[in-house]
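Structure first, commentary second.
Please treat every number below as a calculation from the coordinates, not as lab data. Just so you know, these numbers come straight off a predicted model, no measurement behind them. Quick reminder, even Gly has a Cβ in these numbers, built from the backbone with ideal geometry, and neighbours come from all protein chains shown.
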């Protein structure tokens with residue numbers, strides 16, 4: 001039986017931070033687990049970037065874990081919440097950059113992949129983060 005690798009939000013954050021550092025960004029702060037706040041705040045050349053990350057499944061110690069991985073409805077709900085939070089951050093920090101990150105996961109691409117190109121019109125970058133550390137825009 002084949003096991004499907006589904007990344008948690010924390011795994012997505014860790015891999016994306018590594019990628020950002022490799023691209024010359026400094027990680028100013030990050031939140032893992034149930035910690036409140038922006039998932040990643042990074043800076044480079046006087047620019048600050050705020051990133052909201054999502055996962056394909058809940059972490060094993062999440063208080064609300066019910067399924068092995070998120071279904072399409074949960075993926076869309078999480079995406080909507082990430083958009084709202086990012087827009088709230090944009091209102092607070094109008095000169096910063098903003099991004100949303102998801103695992104590069106077939107279920108997530110099927111649920112919202114056709115929607116992510118519209119983020120650029122809102123001034124939001126989208127990152128697809130692979131389990132091997134590759135990151136696509």
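Quick notes on this one:
- Relative contact order [Cα under 8 Å, 6+ residues apart], the chain, whole percent: 24
- Cβ crowding within 10 Å, taken as a proxy for footprinting-reagent exposure, orders 135, 21 from fewest neighbours to most as 21, 135.
- Gyration tensor verdict on the chain (Cα atoms; rounded if a/c is under 1.5, prolate if a/b is larger than b/c, oblate otherwise): prolate
- Taking label points 7 Å from Cα along the Cα-to-Cβ direction, residue 26 and residue 136 give a separation of 3.3 nm.
- Computed lengthening from residue 76 to residue 88, 0.36 nm per intervening residue step minus Cα-Cα distance: 2.5 nm
- Helical content alone sets the calculated 222 nm signal of the chain at -10000 deg cm²/dmol, taking -39,500 (n - 2.57) per DSSP H segment of four or more residues and averaging over every residue.
- Cα centroid separation - the stretch 74-137 against the stretch 27-44, whole Å: 15
- Neighbour-count order for 5, 17, fewest beta carbons within 10 angstrom listed first: 5, 17
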